[in-house]
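Heads up: the structure comes next, in structure tokens.
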């Protein structure tokens with residue numbers, strides 16, 4: 001990692017330690033928000049079905065953020081272990097979304113609205129937890145054991 005790169009990321013949402021950005025998770029938050037709305041609006045499942053996974057690079061290439069290209073540059077310089085952990089989590093989130101869509105579609109077709117509502121809520125909460133874990137990866141937190149690190153921020 002060069003000082004020049006660190007200077008360029010000042011004023012962006014790119015973490016200077018991990019060289020990653022939590023803005024990527026906005027891509028997942030879109031579908032999580034729809035899952036949260038499904039209990040009251042089951043017809044939104046069609047929109048959930050249209051959602052398509054994007055890699056970190058694809059997300060920032062398509063974003064309208066003026067620092068999107070810099071996010072890609074920084075991602076390529078991110079510590080390999082951190083980037084692999086981050087990418088593995090993104091892949092797991094994608095798999096869970098894919099499985100959730102199939103499960104919800106099956107339950108809805110069976111006409112079991114109570115179970116549909118319950119599963120939509122449960123899966124949206126699980127996905128939100130995974131996105132939260134992603135934020136921890138970006139900001140270098142390892143969980144509750146890093147409370148001291150969190151406290152330093154405040």
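Which of the following residues is under 18 Å from residue 129 (Cβ atoms) and surrounded by 19 or more Cβ atoms within 10 Å (Cβ to Cβ): 89, 38?
Working: 89 fails: surrounded by 19 or more Cβ atoms within 10 Å (Cβ to Cβ).
None of the other options fit; the residue is 38.
Looking at segment 41-79, which of the residues that are surrounded by 15 or more Cβ atoms within 10 Å (Cβ to Cβ) and without any contact (Cβ under 8 Å) to a residue 12 or more places away in the chain is nearest to residue 97 (Cα to Cα)?
44
Determine whether segment 129-136 contains at least one residue that is farther than 21 Å from residue 19 by Cα, out of contact with any strand residue (DSSP E or B) (no Cβ under 8 Å at 6 or more places or on another chain) and modelled with pLDDT of 95 or more. It would help to see each step written out before you state the result.
Initial filter on segment 129-136 (farther than 21 Å from residue 19 by Cα): 129.
Within this subset, residues satisfying the condition of being out of contact with any strand residue (DSSP E or B) (no Cβ under 8 Å at 6 or more places or on another chain) are 129.
When the remaining residues are screened for being modelled with pLDDT of 95 or more, the result is 129.
The answer is yes, given that some residue of segment 129-136 is farther than 21 Å from residue 19 by Cα, out of contact with any strand residue (DSSP E or B) (no Cβ under 8 Å at 6 or more places or on another chain) and modelled with pLDDT of 95 or more.
Within segment 1-22, track down each residue that is touching a helix residue (DSSP H, G or I) at 6+ places or on another chain (Cβ under 7 Å) and either outside any loop (DSSP other than H, G, I, E, B) or surrounded by 16 or more Cβ atoms within 10 Å (Cβ to Cβ) (or both).
First pass over segment 1-22, keeping only residues touching a helix residue (DSSP H, G or I) at 6+ places or on another chain (Cβ under 7 Å): 1, 5, 8-9, 12-16, 18-22.
Answer for segment 1-22, where residues must be touching a helix residue (DSSP H, G or I) at 6+ places or on another chain (Cβ under 7 Å) and either outside any loop (DSSP other than H, G, I, E, B) or surrounded by 16 or more Cβ atoms within 10 Å (Cβ to Cβ) (or both): 5, 8, 9, 12, 14, 15, 18, 19, 20, 21, 22.
A quick yes/no check of all residues on (1) touching a residue at least 12 places away in the same chain (Cβ under 8 Å); (2) crowded, with 20+ Cβ neighbours inside 10 Å; (3) under 29 Å from residue 140 (Cβ atoms):
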residue: 28; (1), (2), (3): yes, yes, yes
residue: 83; (1), (2), (3): yes, no, yes
residue: 101; (1), (2), (3): yes, no, no
residue: 115; (1), (2), (3): no, no, no
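Residue by residue, here is whether (1) touching a residue at least 60 places away in the same chain (Cβ under 8 Å); (2) farther than 30 Å from residue 16 by Cα holds:
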| position | (1), (2) |
| --- | --- |
| 95 | no, no |
| 98 | no, yes |
| 111 | no, yes |
| 120 | yes, yes |
| 127 | yes, no |
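The values are calculated or read from the model by the stated rules, or taken from the named source; none is laboratory data. What you see is a predicted model; the values in this text were computed from it and never measured. We place every Cβ from the backbone using ideal geometry, glycine too, and count neighbours over all the protein chains shown.
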